[in-house]
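> Here's a structure for you.
Read-outs throughout are calculated quantities, based only on the coordinates presented, and are distinct from any laboratory measurement. A quick note: this is a predicted structure, and the numbers were derived from the prediction, not measured. Cβ atoms come from the backbone with ideal geometry, glycine included; neighbour counts cover every protein chain shown.
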């Protein structure tokens, strides 16, 4: 059994791909007749990778707070993933700068003179005036800075204690991480909820939903679990995790993937059902934009919604019921890639319909904006993978002196 990486991966390739993706997205902003599409596509890319990083942070803290044993070896890879937060902050800065330079360009409520469809301007909108203390540029900026400060700070504390324990084996580091997780989980829960509201939900600030933060939380955790599976299979095939991982580790993470698949479905169905059943125009319009055009015809987002129903729930739910699928490496990796792709589709479903034509209808899903989503995801993802690979060789492959490492290596169901 090896406790150090067999060969350190080269992070420069990931960085090159990431910079290329970012450059193409910037080109899209420069050449597009309507620059709103590429900018919102970039918001999708940043939100997607931030969600995965938040999920990794949550999984590390949940590991410590419940004193889990099975996930000790995987926890180290999530800790490497946390190194992406400071770069995600830098990548979010262009959106923040744009909000100040051209208010209302991304989030319409930032410009009080922004025209509403048949309702005057934002500044004369009673629903905005009721939310103005929360929805204003200064609050948005301060809260966004606070979100990243919390995530970077918590990540630094957790990484420092975990890495330091490899050197001296002191149980004090485990105690420190449990304390960090005890106050870190409420901070992470609040920050991810407000981030989802500010960055995504406020694109349609008229809309009300008390489940939006929980929906985002479900996607964060599912993203982290699926990324964990991809890393586990990659390191096992490289030879690093041979003799360390067994089928029970894959079964355990597969069980969590199944649990959060059901959780996502419960939250999403509850939100839709309650809004449909209440039939309040201030709430139903959000789904109407994603189903119908102004003339009553079905738009492309209706089919995206159906794809989410089957792709985000039915397919992974049925696949993850199988024990064999959960412990067979190439199968569970395919399930993980599938879910990661559908999480991206879910974020597109929540963000891109904010782009509208002159009739107030959401622009089609299959458009040039989809290309900018792909370049943005590749661009931001390349930087995040670079950050992970850059952190990868700086410490031991697994937490060799964690108090529960022996129990993890002999993990059984």
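> Once all Cα-Cα distances of the stretch 259-362 are split into 10 Å bins that start at 0, what whole-number percent is in each one?
So the P(r) values, bin by bin, are 13, 39, 29, 14, 5, 0.
> Work out, step by step, the length gained on full extension between residue 182 and residue 297: first 0.36 nm times the residue separation, then minus their alpha carbon distance; give nm to one decimal.
36.4 nm
> Based on the alpha carbon coordinates of the stretch 109-268, what radius of gyration and maximum Cα-Cα distance (Dmax) apply, in Å?
Both quantities, over Cα of the stretch 109-268: 21.1, 67 Å.
> If you don't mind, there's one more thing I want to ask. How big is the Rg/Rh ratio for the chain, C-alpha atoms only, Rh by Kirkwood, two decimals?
Ratio value, two decimals: 0.98.
> Could you tell me how far the Cα centroid of the stretch 17-43 sits from the Cα centroid of the stretch 320-388, in Å?
Each part reduced to its Cα centre gives a spacing of 17 Å.
> Same structure, new question: Let me have the 222 nm mean residue ellipticity of the chain computed from DSSP H runs of 4+ only, each contributing -39500 (n - 2.57), with the sum over all residues rounded to the nearest 500.
-23000 deg cm²/dmol
> Any idea what angle helix 247-278 forms with the longest principal axis of the chain, computed on alpha-carbon atoms, 0 to 90 degrees, nearest 10?
The helix 247-278 is inclined about 20 degrees to the chain.
> Neighbouring Cβ atoms within 10 Å as the yardstick, rank 343, 231 fewest first.
Least to most surrounded, the residues fall as 231, 343.
> For a quick size check, give me the Cα extents of the stretch 46-195 along its three principal axes, largest first, whole Å.
In descending order, the Cα extents are 64, 26, 22 Å.
> Please list the equivalent ellipsoid semi-axes of the stretch 105-155, computed as the square roots of five times the alpha-carbon gyration tensor eigenvalues, in descending order and whole angstrom.
Values for the stretch 105-155, descending: 29, 10, 7 Å.
> Related question: Can you tell me which of 123, 21, 213 moves the most in a GNM of the chain? Springs connect C-alpha atoms under 10 Å apart.
It is 123.
> To the nearest 10 degrees, how steep is helix 85-101 against the longest Cα principal axis of the chain, on a 0 to 90 scale?
Between the helix axis and the principal axis of the chain, the angle is about 10 degrees.
> Taking every pair of Cα atoms in the stretch 1-128, average 1/r, invert it to obtain the Kirkwood radius, and report Rg/Rh to two decimals.
Checking Rg against Rh, the ratio lands at 1.13.
> Now a separate question. Could you give the length gained on full extension between residue 138 and residue 62, defined as 0.36 nm per residue of separation minus the Cα-Cα distance, in nm?
24.1 nm
> Cα axis of helix 368-391 to longest principal axis of the chain: angle in degrees, 0 to 90, nearest 10?
The helix 368-391 is inclined about 30 degrees to the chain.
> Compute the semi-axes of the equivalent ellipsoid of the stretch 295-413, taking the square root of 5 times each eigenvalue of the Cα gyration tensor, and list them largest first in whole Å.
Sorted largest first and rounded, they come to 38, 22, 10 Å.
> Residues of the stretch 302-346 with the amide nitrogen closer than 13 Å to a label point 7 Å from the Cα of residue 234, along Cα-to-Cβ, please.
337
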